[in-house]
Amino acid sequence: MEDDKERASASAPPPPSYEEAAFRMFGLLNATASQPGHVHSLRVLGTERTRDSFLKLATSNAFTGMTIADIINDVQHTADRLQRLDIFDSVNVILDTSRDPFAAKDAFDVIFAVKEKSRFFLKTGTEIGNGEGNMNGSITVRNAFGGAEMLETSASFGTRNSSAFQFSLSRPVNASPDARIDVNAHSVVRNNMMFSSHEELVRGVGARFKGLSNWGFHEISYDLSWRTIDRIAENGSLSIRNQAGHSLKSSISHSFVRDRRDDMLLPTKGYYFRFTQELAGVGKIGDTKYLKHEVEASIAHQHGGGEIIRDENGLAKAIAPGIVLSLNVRGGLLATLDDKEANISDKFMLGGPLSIRGFRTCGVGPRDKKDSLGGDAYWATGVSLITPLPKLADKPLRGHVFVNAGSMIPWKTGTSTSDTIKALTASPSVAAGFGIIYRHSVARLELNFCIPLTVARGDMFKRGFQLGLGLNFM
Amino acid sequence: MSRPQLPALPTIELPAFLEPLKLKKFPLKTFPATYEPTRPTKPTLQVFGPGWEGKQASFDVDCLSMQVYLKFCGVDFDVVHSNEPYASPKVKLPYLVVPPDHCLYGEQIHHWLQKNEKSKKLGKEAEDIESKAYVTMIEKKLGAALLFTLWLEPLNASELTSAKYFGHVSNPIDKLLAYRKKEEVVQSLLIDRDVLIREEIYQSAAETLSALSVKLGANDYFFGSDYPTYLDAVAFAYFHVILAIPQITDSNADKEAKSHATELRNLVLNHSNLVKYTKKMYSTWLK
């Protein structure tokens, strides 16, 4: 105590420091951690719309602790779960010895004081995604039926998706913030005029489960959609004309993501892995039958860096980013399960600033005149060396040199492996170049100078400057 | 109104030492294409098909009239049963693909025929104009009756027509499309009339058929021509489509509905010269 007083009189800043309080708190906790205790009662204050049964389920984990340490951990964990359900603005925890006169000696009362988020949520905005921009509006009803259900209706109008309407109703599974199921209905008009001379109208309904496992993030979904390819451009190619018309797809898909990167847009270390499978033709519904696999992996490795960059006053500004080597590999295979050719809406597209730089969007692979037809099998890879710029190391700005390569081919089910490999390696499209990367808080922007090295005949390549805007770069 | 001409943008010549920046030398190597699209080697007519009983003749009047007219004109062409109007530039079948990959539709086909001096016209100018009037009459009067028979006679619509037009689309979208098409037909018929009355529509079809029967007489072709013209193509297409619709033999069906379904067919059958003409045309040009 004397120490405290001395310090208080000696220096100007107020003394009751956070560290001190924390230190004492830890001391107290350490002393009592292993003492027995149990949760006698749990109350959630401040709820109006949330159902009791739902809260019971969401807080059931708080009762298991047998020692004070366990109780504190469990309660903290439960508060964190409540917070992540996205229905409360704040969750405050009060832990006290039980006031119940009949309670045992080591009993505790837990009180969660919460504040519910407003129920209706209106949002309008503009968004930038992978190579597309849109403006959108949505109405969200949070906690619609008192069980953290989310009712979302959204509309958007953009460059790639001319118009999109979506409705979804989701709810957590077992009151867990990490697992949700939803049902959705959507109607989207995709404008593929730029690279495939047509528009695609998709209407559908689906159900989805999103959850975490020990390995990573999973999404399992069923989708029933009616696709119409129409509005073929006056000068559209014959291959695109042959694709026109209606198709019905009933598919289940599973996608698995393990993301261990330190940053989504501009990682410096860690790895990312995604694996997606889709089986179409489920339940003998529809005229689209195929099995589709797609895999993507990337790894980033940092050399040097880590030093603290200080400004002229000697205050820390940023941490030196060092030189990052990043490697990205993608591949996909679509196998039709009947003798029909796959629909262009299901095929893969390759090329563009986000996949193979130095080629136009969907500029690699099968093509008829200026129309990209999509492919059934592809591979693509990219190596980038990302370096800080002199004097700008503290800014989210980097320079990079890269080499991208890939190839996409039409593929028929039953083609032998050796033939497939031959076709995939016969005409690689390769480009190299350098550029600047700007990491904005919502997207990554790249300005590159690209030099196509080898192309397949018909590829739409782009010499010189290319601008890329998106989230998932290669 | 023409837009004001903007001054041309200045063209900047790159200095010679910057020429390498254009990267003319790149790409260094061009590999063979990963896919070679197949191109038609001769004109291809995209139609609804195949016709009833798997025959080459289309079941759609517009398609069939163009199909047979191209034969009249001596065009060497293939018929493709695409069944997909969305593939056409005008969202309507038929359309003609001319090598390498030009798509022609409607009037464009006639222009193309004229340019290649293949189109068949009647010798006299006055007759040619009159024949155009006949084509319009057939398309309007007989066309309305045919649409009514195909889409609004419940027996035909549900048992025959829907399956023919939308059979290639998967269930249940085909039902939806058929329903939409029916609505469209009703709307198109209501453009010319206030109410749809079966008797009225068939009556005017009967009058048209009588007029055509008189005009044809005992000749091989209309206007006593030595060779068939576009009028013959259109007239034949209508007669053939009407006569080719299978008769529903299902005994469970309502008797009245059955007689309605074949009413238009019976109207054509009343004119023996038209029936003979249709049979002869079919065996000459489509077999």
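The values are calculated or read from the model by the stated rules, or taken from the named source; none is laboratory data. Keep in mind it's a predicted model, so treat the numbers as computed, not measured. Counting neighbours? That spans all protein chains shown, and the Cβs are built from the backbone with ideal geometry, glycine included. Just so you know, the surface numbers come from the protein's heavy atoms only, side chains and all, with ligands and any DNA or RNA stripped out. Shrake-Rupley method; radii C 1.70, N 1.55, O 1.52, S 1.80 Å.
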Next item on the list: Collect the residues in segment B:191-230 that are open to solvent by 60 Å² or more (accessible area, probe 1.4 Å) and assigned to a loop (DSSP other than H, G, I, E, B), keeping them in residue-number order.
Entry: B:ILE191, B:ASP192, B:ASP194, B:VAL195, B:ILE197, B:ALA218, B:ASN219, B:ASP220, B:ASP226, B:TYR227
Next item on the list: From (1) in contact with a Leu (Cβ under 8 Å, 6 or more places away or on another chain); (2) at pLDDT 95 or above, pick out the condition that doesn't hold for A:ASP287.
Entry: (2)
Item checked: Matching residues, segment A:394-409, being more than 14 Å from every other protein chain (Cβ to nearest Cβ) and either open to solvent by 40 Å² or more (accessible area, probe 1.4 Å) or in a loop (DSSP other than H, G, I, E, B) (or both) -> A:ASP394, A:LYS395, A:PRO396, A:LEU397, A:VAL401
Notebook entry, point to check: of a type in the set (Gly, Ala, Ser), open to solvent by less than 40 Å² (accessible area, probe 1.4 Å) and farther than 16 Å from B:GLU139 by Cβ - does that describe any residue in segment B:269-285?
Noted result: no
Next item on the list: State whether the residues of segment A:384-392 include one that is open to solvent by 50 Å² or more (accessible area, probe 1.4 Å), closer than 29 Å to A:ALA300 by Cβ and either among the β-branched types (Val, Ile, Thr) or assigned to a strand (DSSP E or B) (or both).
Entry: yes
Check: Among the residues of segment A:410-444 satisfying the criterion of being of a type in the set (A, V, I, L, M, F, W, C) and crowded, with 17+ Cβ neighbours inside 10 Å, which is farthest from the other protein chains (Cβ to nearest Cβ)?
Finding: A:ALA443
Notebook entry, point to check: Under the condition of being over 22 Å from the mean Cα position of the chain (by Cα) and open to solvent by less than 30 Å² (accessible area, probe 1.4 Å), which residue from segment A:114-141 is farthest from A:GLY46 (Cα to Cα)?
Noted result: A:VAL141
Checklist line | Residue check for A:ILE181: part of a strand (DSSP E or B), touching a Leu at 6+ places or on another chain (Cβ under 7 Å) and open to solvent by 60 Å² or more (accessible area, probe 1.4 Å) | finding: no
Next item on the list: Hey, can you tell me all the residues within segment A:235-261 that are free of Cβ contacts under 8 Å to residues at least 40 places away in the same chain, in a strand (DSSP E or B) and surrounded by fewer than 21 Cβ atoms within 10 Å (Cβ to Cβ)?
Entry: A:GLY245, A:ILE252, A:SER253, A:HIS254, A:SER255
Next item on the list: Looking only at segment A:78-117, count how many residues are of a type in the set (S, T, N, Q), free of Cβ contacts under 8 Å to residues at least 40 places away in the same chain and closer than 11 Å to A:VAL39 by Cβ.
Entry: 1
Margin query: The conditions are (1) farther than 29 Å from A:THR47 by Cβ; (2) more than 25 Å from the chain's Cα centre (by Cα); (3) not β-branched (Val, Ile, Thr), and A:ARG160 fails exactly one of them. Which is it?
Written below: (2)
Checklist line | Tally, over segment B:22-43, of residues that are in a loop (DSSP other than H, G, I, E, B) and either within 7 Å of chain A (Cβ to nearest Cβ) or under 19 Å from A:LEU424 (Cα atoms) (or both) | finding: 10
Note to self: Given the criteria charged (D, E, K, R), outside the structural domain of B:THR149 (by TED's automatic domain parsing) and in a loop (DSSP other than H, G, I, E, B), does B:LYS71 qualify?
What the structure shows: no
Notebook entry, point to check: Any residue in segment A:268-279 that is closer than 25 Å to B:TYR86 by Cα and part of a loop (DSSP other than H, G, I, E, B)?
Noted result: no
Note to self: Under 8 Å between Cβ atoms, which residue pairs at least 6 apart in sequence (or on different chains) link something in segment A:205-234 that is within 11 Å of another protein chain (Cβ to nearest Cβ) with a partner that is open to solvent by 70 Å² or more (accessible area, probe 1.4 Å) and assigned to a loop (DSSP other than H, G, I, E, B)?
What the structure shows: A:ASP230/B:VAL91
Notebook entry, point to check: So how many residues does segment A:39-69 have that are open to solvent by less than 60 Å² (accessible area, probe 1.4 Å) and either in a helix (DSSP H, G or I) or of a type outside the set (S, T, N, Q) (or both)?
Noted result: 12
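Among the residues of segment A:367-374, is there at least one that is closer than 16 Å to A:GLN466 by Cα, part of a strand (DSSP E or B), out of contact with any Pro (no Cβ under 7 Å at 6 or more places or on another chain) and within 12 Å of another protein chain (Cβ to nearest Cβ)? Can you show your working first?
Of all residues in segment A:367-374, those closer than 16 Å to A:GLN466 by Cα come to none.
Within segment A:367-374, none of the residues are closer than 16 Å to A:GLN466 by Cα, part of a strand (DSSP E or B), out of contact with any Pro (no Cβ under 7 Å at 6 or more places or on another chain) and within 12 Å of another protein chain (Cβ to nearest Cβ).
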Next item on the list: For segment A:463-474, enumerate the residues that are surrounded by fewer than 20 Cβ atoms within 10 Å (Cβ to Cβ), more than 8 Å from chain B (Cβ to nearest Cβ) and not in a strand (DSSP E or B).
Entry: A:LEU471, A:ASN472
Next item on the list: Name the residue, out of B:VAL80, B:VAL135, B:VAL98, that is aliphatic (A, V, I, L, M), farther than 27 Å from B:LYS280 by Cα, in contact (Cβ under 8 Å) with a residue 24 or more places away in the chain and open to solvent by 10 Å² or more (accessible area, probe 1.4 Å).
Entry: B:VAL98
Margin query: Can you pull out every residue in segment A:240-289 that is within 14 Å of another protein chain (Cβ to nearest Cβ) and of a type in the set (Asp, Glu)?
Written below: A:ASP287
Notebook entry, point to check: Consider B:PRO246 against the criteria (1) loosely packed, with under 14 Cβ neighbours inside 10 Å; (2) at pLDDT 90 or above: it satisfies all of them except one. Which criterion is unmet?
Noted result: (2)
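Which residues, counting only those in segment A:445-462, are open to solvent by 10 Å² or more (accessible area, probe 1.4 Å), closer than 20 Å to A:SER372 by Cα and hydrophobic (A, V, I, L, M, F, W, C)?
A:MET460, A:PHE461
I'm checking my understanding of the structure. Among residues of segment A:307-352 that are closer than 15 Å to A:ILE386 by Cα and not aliphatic (A, V, I, L, M), which one is farthest from the chain's Cα centre (by Cα)? Steps first, answer last, please.
Filtering segment A:307-352 for residues closer than 15 Å to A:ILE386 by Cα gives A:320-328.
If we keep only those that are not aliphatic (A, V, I, L, M) as well, we get A:321-322, A:326, A:328.
Numbers: A:PRO321: 24, A:GLY322: 26, A:SER326: 19, A:ASN328: 17 Å.
By that ranking, first place goes to A:GLY322.
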Margin query: Based on this model, can you work out whether A:MET194 counts as touching a residue at least 12 places away in the same chain (Cβ under 8 Å) and part of a helix (DSSP H, G or I)?
Written below: yes
Item checked: Candidate set: segment B:74-131, residues that are in a helix (DSSP H, G or I) and of a type in the set (A, V, I, L, M, F, W, C); chosen: the one farthest from the other protein chains (Cβ to nearest Cβ) -> B:ALA126
